[in-house]
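Any read-out appearing in this document is the output of simple, stated calculations on the displayed coordinates, not a laboratory observation. Here the structure is a predicted model, which means the values were calculated and not measured. Reconstructed Cβ throughout: ideal geometry from the backbone, glycine too, with neighbour counts over all protein chains shown.
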Amino acid sequence: MLCAKCRSVGVLTSCMEFRKRYKQLIALAVFAASGVLLSGQNAQPNGPPSTPPSIMDRLNAMMAGGKSAWTPEQLSTMERLRDAAMKDPYALDELRHLTDNIGPRLSGSPQARQAVDYVAGEMRALGAEVTLEKATVPHWVRGVEKGEIVSWPGQTPGTTQKVVLTALGGSVATPPEGLLTGVVVVDNWQQLHALTPDAVKGKILLFNHKFDKELAAHRATA
């Protein structure tokens, strides 16, 4: 039987906004990275100056297929930027701090506020001017979660087996008396798709994901 409770309330949290000059700086950097010159490059001496393609023109051309939206020089620049980012652990270190140290960051939670303050501090350390503004957001509150197996082959009469579980953030609550139903176990999506709808309707579906010892060992030493 599973039982979980949750509710929604309005709380105040924060968001970050660059000031106008930083938006302009970012736009300028994008144009510079894509090789767009704001001077009259390729202007024809005897005719009207040509208009360089916009970022949207380039993206549309890329998605439409045919000629590449980027020049070989621009692709080479982007590849160098990508390779440099792949070798620098900065982004991964920041992400690891957000996930491991600060933890889950549901909207309106103390962890979400801590994450906002942390990122703002990191951006200020890089020289950015950051302004935090208050905003009202929905806030999900985790209730009591419990589960137990109440029937299985070979069960000793009068006993149950406790199950440790955690509901996904934003999940709706069960009825006060909980849910009592059978469990269908599958190892993968292929096994699930092989079942008929009646085989899983009204049941608890359990994905029996195999424990990855190599991944767990790597995580423990990271």
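Convex hull volume per residue, computed on the Cα atoms of segment 181-222, equals 81 Å³.
Using the average count of surrounding beta-carbon atoms within 10 Å as a protection proxy, the listed peptides 132-140, 175-183 rank, highest first, as 132-140, 175-183. Put a dot 7 Å past the Cα of S50, heading toward its Cβ, do the same for K134, and the two dots end up 5.5 nm apart.
For segment 96-163, the orientation-averaged shadow of the C-alpha convex hull comes to 7.7 nm² (one quarter of the hull surface). Under 20 Å between alpha carbons, and skipping anything fewer than 8 positions from K134 in its own chain: which aspartates and glutamates qualify? Hits, sequence-local ones excluded: E17, D117, E122. Each Lys or Arg adds one and each Asp or Glu takes one away; over the other residues whose Cβ falls under 15 Å from the Cβ of S76, this sums to -1.
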